[in-house]
Amino acid sequence: MTTSARDSNGPMGLPTKRGDDRAIAGTVSPPRVEFIERSHQRSAALGLSRGEKRDFDPMIRSDLNVARERNHRLYVHAAPVMQMLFEQIVNTESMIVLTDAQGTILHSVGDDDFLERADKVALAPGENWAEHSKGTNAIGTALFEAAPTLVHAHEHFIHANHFLTCSAAPIFDPRGNMLGVLDVTGDHRSYHQHTMGLVRMSARMIENHWLSDDFNNRLRLHFHSRAEFIGTLLEGIVVVGPDGKILGANRSALDQLGISGAALRMQSVTTLFGTTPSAIYDHFRMPMSAPMHLSLPSGQLFHATARFDWPSRPVIAGRHGDDAAPDHVLAPAASPRLAGPSSTDRRPEGSPFSGLQYLRTGDPQVDVLVQKIRRILDRDIPLLILGETGTGKELLARAVHHDSNRARQPFVAVNCASIPESLIEAELFGYEDGAFTGARRKGAPGRIVQANGGTLFLDEIGDMPQPLQARLLRVLQERCVTPLGSTKAIPVDIAVIGATHRNLREMIDRQEFREDLYYRLNGLALRLPALRERTDLEAVARRILQAERPQDTPALSPRVLDLFRRYRWPGNIRQLANVLRTAAVMSAGEHEITSAHLSDDFLEDAQRAVTTAAPPAMPGPAYQPPFTVETTPGSACAIATPPADVAVRTHRGVMPAEPAPTHTLEQVEIEMIRNVLEAVNGNISAASKQLGISRNTIYRKLRWNVTDGTT
């Protein structure tokens, strides 16, 4: 962080001291020198050059939007903290950066002139700042070391970044899984010694918000050895289940208790503090009760308060309601339901919230799918979820986990298509100390071990490299995983859910996917219908709008609803959510969403799709467009009534009644891509935007020859 505008008093009233390379050099301890040197060794081993300018390869907008959507909850918790932090560093040639767990920048905020300078070295949304991409830097090194990291000036591996000073802290969820990184970057000439402290505190604020949101329907004990520190960032927070078991904690709690997160989750409130949930409730029966005294078996004393939030609506896919009640001390009205199984959802006793039931919004295909899953739930039968991109495969996987006996254990999602091939093996299986040059001293457990006891979701399993398919098959057969560089097998107990938009049987025929792995994953194969094939579009849209605007949920105007029903939704539910998220903001204060609230590019796509994308030739009368979208200045979008002879085969964008029986899911996808490309005159960027997929995906699907433009 910089101090050009605050030389006398820094952020939060702290005294400041301007610094330069000599100042920071004087504070570098030998362990930090070794820390930076290890990172430099890793950067060199990755083949990076310190002097040459690397080509920038930012995500295209659609891919960045997907990354932001996947990390929407992280941003929701980080945004207010980032704004507060920015108010401390405004006009100081600095910026604040939020990345995901892979090092991709999701959002940034800062002084305009410094943002322009940072953009020249690709420090901008869509760029990846992991070590394998940018060498030694605070973001990438913090990700690798899983620890707060300061990288100053010449300590950056690439020379072009030497003008920066960066302080970054990783953000973890209550189970210790890394969510992303918060970073403050400024000009190295204005280094400030308090920046790292502020970044670490800000990261802990985000973690505490996440914990409260994750367990907003559970008892939370806020404690500290000094009563005046309760309610500050120094307080510890532990989450207690109805049976008294410890479900999670923040990092301050782990520091004060001197215990790891895994060890803490093996404790109960009785074994840890010598009390029970009912005793805690009795103490806080009256409002404004004094702090409770708790003690560890060692005799260490803590002061504690208790909080419990009632959610206002169900929770699914890791996203909670924005309208949840604020923290409050336990009230007498809560006592009968404190330990009841249904206390989380305000349902009659014995009817706990069901993630699968939440997904049922009236479509018969989804109803049948849910019924099939319920029959094999907790029977140790692997699931394979098939469906087009954006149909909600991960949402379904999370619902299955939520309803299973493993719900209190980790749900670990791995996107096999998003992790570089050179890193996916270490990411999945972990690695031992010294497995490769510069590796973290204690190694890393890997995603499979992290999922132990819970559910491992392997998204885009069809994109997994073949050599890794054999290793994964062995893990699934033997229920043991051997980290890289180790000879010791670690037993694991996991439920496996795979998902793909590819046709795995055709891949097996082309020897691109192992047949034995396919049958190991395919205990029960389920196909999620595309949005255009579903009959519950209105209910799905209403559910999305309720999440975006819970207090004053808007309705869809009849014309907009008609447009939605006729549009083919190439991006499926993901595209619908993006359209409605924008519309919900644009219609703030209004009770109905009209075409005036929809983005221009969506309206253009809808019009182009229905006027240029004709179906294949069919016997009978000449084809007529199912409907037209007419827009005139100052008027809402008007939709003409479809001709009677095509109403059946165009209703909700359903394909013709008698499609060729040999068409596979992948062939349908390819045909759709070709139709869209033809409609936009071969413009790859326009097709990518309309389909909601990346340009690389289009090239891969069609095996596009970029030199002659043929497939």
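Each value in this text was obtained by applying a stated rule to the coordinates, not by laboratory testing. Being a predicted model, the structure only gives us computed values, none of them experimental. Using ideal geometry, Cβ is built from the backbone for each residue, glycine included, and neighbour counts are taken over all protein chains shown.
A few notes on this one:
- Our summary gives region 11-203 a relative contact order of 24 percent, counting only alpha carbon pairs under 8 angstrom and 6 or more residues apart.
- Taking amide H as placed 1.01 Å from N in the peptide plane, F513 has its amide H under 5 Å from the amide H of I508, each at least 5 places away in sequence or on another chain.
- Whole-number percent relative contact order across region 356-529, with pairs defined as alpha carbons under 8 Å at least 6 apart: 32
- Pairwise label distance in nanometres, D367 with N405, each label 7 Å out on the Cα-Cβ vector: 3.0
- Distance between the modelled labels on H107 and R50, one decimal in nanometres: 3.7 nm (7 Å Cα→Cβ projection).
- Taking every C-alpha pair closer than 8 Å and separated by at least 6 residues, the mean separation divided by the residue count of region 428-557 gives a relative contact order of 23 percent.
- Ordered by the number of other Cβ atoms lying within 10 Å of each residue's own Cβ, fewest first, D173, D255, D183 fall into the sequence D255, D173, D183.
- When R204, R471 are sorted by how many other C-beta atoms sit within 10 angstrom of their C-beta, beginning with the fewest, the order is R471, R204.
- log₁₀ of I(q)/I(0) at q = 0.09, 0.10 Å⁻¹ - region 11-203, Debye sum with one point per alpha carbon: -0.29, -0.36
- Taking 0.36 nm per residue of separation and subtracting the current Cα-Cα distance, fully stretching the chain between A555 and T582 would add 8.3 nm.
- For L211, the shell of other residues with beta-carbons less than 11 Å away shows a net charge of +1, using +1 for Lys and Arg and -1 for Asp and Glu.
- Tensor-based shape of region 356-529 (alpha-carbon gyration tensor, a/c under 1.5 rounded, otherwise prolate or oblate): prolate
- Full-extension gain in nm, S278 to R505, via 0.36 nm per residue minus C-alpha separation: 76.2 nm
- Least to most buried among K372, K393, K120 (fewest other Cβ within 10 Å first): K120, K372, K393
- Potential lengthening of the chain between R608 and L702 amounts to 31.6 nm, from the contour at 0.36 nm per residue minus the alpha-carbon distance.
- Each principal axis of the Cα cloud of region 85-188 was taken in turn, and the coordinate range along them, longest first, works out to 39, 30, 22 Å.
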